[in-house]
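Have a look at the structure below, then the notes.
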Amino acid sequence: MTPCPLTIDRIMTVMEAAFDPAYGEAWNRRQVNDALAMPSTHALVLNANGEPIEGSSHNGRDSIPAGFVLTRFAADEEELLLIAVAPEMRGRGLGEKLMQHFFDMAKSRGVNRIFLEMRRGNPAVHLYRKVGFEPIGQRPNYYRLSNGERIDAITFGRSL
Ligand SMILES: CC(C)(COP(=O)(O)OP(=O)(O)OC[C@H]1O[C@@H](n2cnc3c(N)ncnc32)[C@H](O)[C@@H]1OP(=O)(O)O)[C@@H](O)C(=O)NCCC(=O)NCCS
């Protein structure tokens, strides 16, 4: 399956602005393209009003990407791979809206358990806790930063 190039453009616009390079968490275009080429991977992009931007819509401001979520489905579980909101759009509930869309989409695929992994200390934990994720495990020293520092990965889960 060939992913929609416009969707990838929108994701990359947010990706390039949203992630702190110190942690190496942002994906490049190739990684996003390869992930979306798999039928198990899903993406959703929202505009500043929290509305999904789909396909080739060109409606001025309504088609400016403000946030996205990327997820991967396996059996009856779905993993949140990445979530991001453009820095100037944060703190307005878009992260929560992206999560709500993720929950709804996963439920519609028959999923009853969702999970995600984050580096210890990522402030995104406030959002994860707020929408009902609980820590379920950790991998000590899992991530390696460009300066050589190691950081634990924490796994969070939630039932739908
Ligand atoms: C994490 C992220 C998606 C949150 O997006 P957002 O649109 O600001 O989130 P919301 O406005 O929906 O916030 C939801 C709740 O989480 C809290 N929250 C979100 N980010 C927070 C932060 N950095 N520090 C403290 N609280 C935070 C909000 O205060 C809000 O709670 P409240 O309503 O009780 O105040 C955004 O900060 C981001 O893109 N970060 C960089 C990318 C990243 O690290 N993604 C996670 C790993 S893939």
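A few remarks follow.
- Checking Asp104 against (1) within 12 Å of the ligand (Cβ to nearest atom); (2) out of contact with any Gly (no Cβ under 9 Å at 6 or more places or on another chain); (3) within 19 Å of Asn49 (Cα to Cα), the condition it does not meet: (1)
- Within the range 24-45, being crowded, with 17+ Cβ neighbours inside 10 Å, among the small types (Gly, Ala, Ser) and farther than 21 Å from Arg90 by Cα holds for one residue alone: Ala35.
- Members of the range 1-20 found to be surrounded by fewer than 18 Cβ atoms within 10 Å (Cβ to Cβ) and without any contact (Cβ under 8 Å) to a residue 24 or more places away in the chain, listed by number: Pro5, Asp9, Glu16, Asp20
- Single unsatisfied condition, Glu88 versus (1) charged (D, E, K, R); (2) crowded, with 16+ Cβ neighbours inside 10 Å; (3) within 24 Å of Gly24 (Cβ to Cβ): (2)
- Selection within the range 67-98: residues that are near the ligand (Cβ under 6 Å from one of its atoms) and assigned to a strand (DSSP E or B). The member of this set that is farthest from Arg109 (Cα to Cα) is Val85.
- Residue selected from the range 1-45 under the condition among the charged types (D, E, K, R) and either away from the ligand (no atom under 14 Å from the Cβ) or not in a helix (DSSP H, G or I) (or both), by the criterion nearest to the chain's Cα centre (by Cα): Glu25
- For the range 46-66, the set of residues classified as on the phi > 0 side of the Ramachandran plot and within 16 Å of the chain's Cα centre (by Cα) consists of Gly50 only.
- For the range 107-141, a residue qualifies if it is in contact (Cβ under 8 Å) with a residue 24 or more places away in the chain, in a strand (DSSP E or B), within 16 Å of the ligand (Cβ to nearest atom) and not hydrophobic (A, V, I, L, M, F, W, C), and the qualifying residues are Glu117, Arg119, Glu134.
- Any chance Ala48 is in contact (Cβ under 8 Å) with a residue 24 or more places away in the chain, surrounded by 12 or more Cβ atoms within 10 Å (Cβ to Cβ) and within 13 Å of the ligand (Cβ to nearest atom): yes
- Options Ile64, Ile53, Ile83: the member that is buried (at least 18 other Cβ atoms within 10 Å of the Cβ) and modelled with pLDDT under 95: Ile53
- Complete set of residues in the range 104-160 that are within 20 Å of Ala43 (Cα to Cα) and small (Gly, Ala, Ser): Ala106, Ser108, Gly110, Ala124, Gly157
- Test result for Glu25, over 24 Å from Lys107 (Cβ atoms), among the acidic types (Asp, Glu) and touching a residue at least 40 places away in the same chain (Cβ under 8 Å): yes
The values are calculated or read from the model by the stated rules, or taken from the named source; none is laboratory data. Keep in mind it's a predicted model, so treat the numbers as computed, not measured. Neighbour counts run over all protein chains shown; Cβ positions are idealised from the backbone, glycine included.
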